[in-house]
Amino acid sequence: MPDRPIPDRPAAMEPSGSYNRSSRVQSEGVAPALPLLEQAARTVAIPAAPASVCIADYGASQGRNSLAPMRLAVDTLRPRLAQGRAILVAHTDQASNDFSALFATLESNPKSYLKLDPATYAMAVGRSFYQPILPPGSVTLGWSSWAVQWLSHAPREIPDQIQIAYSRDGEAREAFARQAALDWEAFLRSRSVELHQGGALVIVTMAMTDEGDFGYRDIVAAMYGALIDLVASGFLHAEEVRRMAIPTVARRRADLLAPFAPDDRFAGFTVDHLDIFLAPDWIWSAYEQERDAALFGARWAAFNRASVYPTLAQALSGEGGEARKIAFFERLEQLTAACLAASPRPAVIPLALMVLRKGVD
Ligand SMILES: C[S@@+](CC[C@H](N)C(=O)[O-])C[C@H]1O[C@@H](n2cnc3c(N)ncnc32)[C@H](O)[C@@H]1O
C-alpha cells in the first residue's frame, strides 16, 4: 500500500442531505444562542442605504440548522429597515459542501426565510472561512454555529486516537493546540475585515468545560474501538487508521479569550458575551422515554456518520474505490451503533457561546 500523508483538509459533511437529517444534536445545542442573536440583530449598526444589509452564516452545511437563526435575524432586522429594503443572507461553507441540499432546503422548507420575507435574497460562498470571503465591510451580522471547531487542517497524525482531546500524545496535543490558536485568530481577523463598523458576530462552537471535559466520551470511544475492530477483521489497514484524525478542537474559555489579551480587544472586536454551557442530549432524553437501546446507538452513529465519516474516509488507501468507502461507512456505523447500544449513557455536550462587537480599530 502506498504511504500517504495524513489528509490535509477536513471533508464537508456527508452529502445528499445526510447532515440535514442527522443534526438534531446541533440544532438543539444552539437554542441558548438565539436570544443573543436576536439582541445582536436589534442593536447592530445598520449600514447607510443603498448598501445591502447582509447576514453571513459561516459554516452553513446543508442549511436546515440555519433556518431558525436566519429567520430570527431577518425578522428582527426587518422592522429596523425602510420598507422593502433588501436583506442578503450569505451562507458560506467549504467548496466541497453539498450546496444543492442547502438551496433545496431554502427553496422548499416552509420555515425558510425566503418563503416568509419576500425582500430577502440568498447566496452561497464556497471558500474556507480562514480567509476573508466576503467584501470588506459588507457584513452587518455574522452567525456561525458548530463550525469553527473544525481546524483548517490536522497539523499532524494522532498516533493513539482520532480525536485529539482523548490522545495522550504530548506532541500531537501541542501541535493541535498551536493550530487551534492560529486558526482562531485567522477566523477573527477575516471576520473583522468583512464586518461593518458596529456589526456583531455570534458564534457557537465546541468547547471544553471549565473542568477540562471535551465530552462525547462514549461516542468517541465507540467510534475508535470500531475502527480498531475493522483493522482486526482485516477490513482496514492499520496504516489507514493511523492516518485518521478528526481535525476538530474544543476550546477552553481561556483559548477563546487569548487573542483579546491584554486590553480586551482584537482586530477591532470586543467580547460582549462568553458562556460555556452544556447542550441538551436529546438522544438520551428520547432513550429515557423509549427504552430502545438499538435506536439510541443508531442515532449517535448517524450523528457521527453525517459529521465525521467523510473526513475519516479521506485516509482510506483508495483501493476498492467508492464501493469500499461505502462499505467502510456502513460497517463503522453498525459497529459504533452496536457498541453504544450495549450500555446507553447520557453524553456531555459542552459548547461555547460568544458574541463579538466590531468597533473602531
Ligand atoms: C457541523 S457543521 C455545522 C452546520 C450548521 N452550522 C449547524 O449548526 O448545524 C460544520 C460545517 O462547517 C463547515 N466548515 C468546516 N471548516 C470550514 C472552513 N474552513 N470554512 C468553511 N466552512 C467550514 C463544514 O464543512 C460543515 O458544513
Worksheet item: Angle between the Cα long axis of helix 99-108 and the longest principal axis of the chain, 0 to 90 degrees, nearest 10?
Response: 60 degrees
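When only the heavy atoms of the protein chains count and the probe is 1.4 Å, how do L201, L295 rank by accessible area, highest first? Each step should come with its number before you reach the end.
On the way: L201 0, L295 60 Å².
Most to least solvent-accessible, the answer reads L295, L201.
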Item to complete: When a/c is below 1.5 the answer is rounded, else prolate if a/b is larger than b/c, else oblate, so apply that to region 84-148 with a ≥ b ≥ c taken from the square roots of the Cα gyration tensor eigenvalues.
Response: oblate
Fill in: Counted charge near A45, where neighbours are those whose Cβ lies closer than 11 Å (Asp, Glu -1; Lys, Arg +1)
+3
Discussion item. Give the aspartates and glutamates reachable from K325 as a straight Cα distance under 14 Å; neighbours fewer than 8 places away on the same chain don't count.
Written reply: E14, E240, E333
Fill in: the chain: angle of helix 217-232 to the longest principal axis, Cα-based, in degrees nearest 10
40 degrees
Worksheet item: Short version: ³J(HN,Hα) in whole Hz for each residue of region 20-36, in order, from phi by Karplus 6.51 cos²θ - 1.76 cosθ + 1.60 (θ = phi - 60°), x for Gly and Pro, what are they?
Response: 4, 7, 10, 10, 6, 4, 5, 5, 6, x, 7, 3, x, 7, 5, x, 6
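Treating only the Cβ atoms of Lys and Arg (+1) and Asp and Glu (-1) as charged, compute the dipole magnitude of region 1-138 about its Cα centre; round to the nearest 20 debye.
With only Lys, Arg, Asp and Glu charged at Cβ, the dipole is about 340 debye.
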Worksheet item: Which value at 222 nm does the chain reach when only helices count, each DSSP H run of 4 or more adding -39,500 (n - 2.57), with the total divided by all residues and rounded to the nearest 500 deg cm²/dmol?
Response: -12500 deg cm²/dmol
Worksheet item: Assigning unit charges at the beta carbon (Lys, Arg +1; Asp, Glu -1) and nothing else, what dipole magnitude in debye, to the nearest 20, does the chain show about its Cα centre?
Response: 820 debye
Practice prompt. Using only Cα atoms, tell me the angle between helix 321-342 and the longest principal axis of the chain; keep it within 0 to 90° and round to the nearest 10.
Written response: 90 degrees
Practice prompt. Rank A60, A147, A327 by how far each Cα sits towards the positive end of the charge dipole of the chain (+1 on Lys, Arg Cβ; -1 on Asp, Glu Cβ) and give me just the farthest.
Written response: A60
Discussion item. Roughly how far apart, in whole Å, are the Cα centres of region 319-353 and region 24-54?
Written reply: 33 Å
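Can you send over the carbon and sulfur percentage of the accessible area for region 44-122, probe radius 1.4 Å, protein chains only? The partial results should precede the final answer.
Details: 1880 of 3280 Å².
Answer for region 44-122: carbon and sulfur cover 57 percent of the accessible area.
How high is the relative contact order of region 1-95, given as a whole-number percent (alpha carbon pairs under 8 Å, six or more residues apart)? List each step's numbers first, then the result.
Working: 72 pairs, mean separation 33.1, N = 95.
Over region 1-95, the number comes to 35 percent.
Can you give me the % of accessible surface on region 157-206 that is carbon or sulfur? Probe 1.4 Å, all protein chains present, nothing else counted.
Details: 930 of 1860 Å².
That share works out to 50 percent.
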Discussion item. So, taking all protein chains as they sit and a 1.4 Å probe, how much accessible area belongs to K115, in Å² rounded to tens?
Written reply: 110 Å²
Fill in: region 76-193, accessible area per residue, ligands and nucleic acids excluded (1.4 Å, Å²)
43 Å²
Worksheet item: Taking Cα centroids, how far is region 67-119 from region 219-244 in Å?
Response: 40 Å
Worksheet item: With every protein chain present, what accessible area does E330 have (1.4 Å probe, heavy atoms only), rounded to the nearest 10 Å²?
Response: 70 Å²
Worksheet entry | In Å², nearest 10: area of V355 left accessible to a 1.4 Å probe | 10 Å²
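Shape verdict for region 216-308, please, from the Cα gyration tensor: rounded (a/c under 1.5), prolate (a/b greater than b/c) or oblate. Present the calculation step by step, with values, prior to reporting the outcome.
Numbers: a/c = 4.07, a/b = 1.56, b/c = 2.61.
The shape class here is oblate.
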Discussion item. Out of all Cα-Cα pairs in the chain, roughly what percent, to the nearest whole number, are more than 37 Å apart?
Written reply: 19 percent
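The values are calculated or read from the model by the stated rules, or taken from the named source; none is laboratory data. Just so it is clear, the model here is predicted, and its values are computed rather than measured. Counting neighbours? That spans all protein chains shown, and the Cβs are built from the backbone with ideal geometry, glycine included. Protein only, heavy atoms only, side chains kept; ligands, DNA and RNA dropped before computing areas. Shrake-Rupley method; radii C 1.70, N 1.55, O 1.52, S 1.80 Å.
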